[in-house]
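The values are calculated or read from the model by the stated rules, or taken from the named source; none is laboratory data. Because the structure is predicted, anything quoted here is derived from the model rather than measured. As a convention, Cβ positions derive from the backbone with ideal geometry for all residues, glycine included, and neighbour counts pool all protein chains shown.
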């Protein structure tokens, strides 16, 4: 794994005074490690950005103005919700014989998958995978060749081969898949026309006209009753 040098200064301005650090184009942060005291630091924003905006994992060679050097990784970054700029960061120190848990980026290789060329859609479901390993075994990224991935096929965590690490994700979790194209079901051509030709059902009002009687003429039994009254 490649290393990146990061020059930092010991930060005296802490708490609310951290705003002064940001106004100078720097980002406040903290270095911590098991069995060591936390160290408040500040780093020029331009030097920190390459560590944040990357698709790979790097070991950081932290160099303080006091002359101290510490190996660490970028553990966490907090961003301003409006400007999306980093406002604080955490560096975790690495101990040679102590395993750590880390998220490793997943990169897809192989170009356009076979299933996509056949009309399917690629779904990159898992972009990072959580692993446990020694510092010397931290992978920069996990590459997956999707060139031959066909429609209705997927690659799961259990299919990945990452040497010298313990994967902490569920083996059955999908990482990438190619799904069939979405087809909208259309109504049958003759169905709409047939429905349009059907007459609406009419609910009649009043008495039902008995068989043999004309509309507007009384039914035979009603006629007979009227004659007897006369």
Among (1) surrounded by 12 or more Cβ atoms within 10 Å (Cβ to Cβ); (2) in contact with a strand residue (DSSP E or B) (Cβ under 9 Å, 6 or more places away or on another chain), the one test that residue 36 misses: (1)
Qualifying residues in region 57-84 (those that are touching a residue at least 12 places away in the same chain (Cβ under 8 Å) and exposed (fewer than 14 other Cβ atoms within 10 Å of the Cβ)) - the one farthest from residue 18 (Cα to Cα): 66
Residue check, residue 108 outside the structural domain of residue 32 (by TED's automatic domain parsing), surrounded by 17 or more Cβ atoms within 10 Å (Cβ to Cβ) and in contact with a strand residue (DSSP E or B) (Cβ under 8 Å, 6 or more places away or on another chain): yes
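Check region 40-47 and report whether any residue there is under 21 Å from residue 128 (Cα atoms) and surrounded by fewer than 18 Cβ atoms within 10 Å (Cβ to Cβ). Full working, then the answer.
Step one: filter region 40-47 for residues under 21 Å from residue 128 (Cα atoms), giving none.
No, the conditions are met nowhere in region 40-47.
Conditions (1) within 29 Å of residue 109 (Cβ to Cβ); (2) in contact with a strand residue (DSSP E or B) (Cβ under 8 Å, 6 or more places away or on another chain); (3) modelled with pLDDT of 85 or more, marked per residue:
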residue: 2; (1), (2), (3): yes, yes, no
residue: 7; (1), (2), (3): no, yes, yes
residue: 24; (1), (2), (3): no, no, yes
residue: 42; (1), (2), (3): no, yes, yes
residue: 55; (1), (2), (3): yes, yes, no
residue: 58; (1), (2), (3): yes, yes, yes
residue: 75; (1), (2), (3): yes, yes, yes
Strands (runs of 3 or more DSSP E) wholly inside region 134-182 containing at least 2 residues that are in contact with a helix residue (DSSP H, G or I) (Cβ under 7 Å, 6 or more places away or on another chain): 174-179
Scan of region 138-161 for residues that are at pLDDT below 95, surrounded by fewer than 18 Cβ atoms within 10 Å (Cβ to Cβ) and within 14 Å of residue 105 (Cβ to Cβ), ordered by number: 140, 141
Candidates 30, 21, filtered to the one that is outside the structural domain of residue 137 (by TED's automatic domain parsing) and not in a helix (DSSP H, G or I): 30
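Within region 112-121, can one find any residue that is assigned to a strand (DSSP E or B) and more than 26 Å from residue 49 (Cα to Cα)? If you could, list the steps in order and put the result at the bottom.
If we filter region 112-121 for residues that are assigned to a strand (DSSP E or B), which is where we start, we get 121.
Imposing the further condition that a residue be more than 26 Å from residue 49 (Cα to Cα) reduces the set to 121.
Yes; the residues of region 112-121 include at least one that is assigned to a strand (DSSP E or B) and more than 26 Å from residue 49 (Cα to Cα).
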Some residue of region 69-78 being in a helix (DSSP H, G or I) and over 22 Å from residue 140 (Cβ atoms): no
Any chance residue 136 is over 25 Å from the mean Cα position of the chain (by Cα) and in the same structural domain as residue 39 (by TED's automatic domain parsing): no
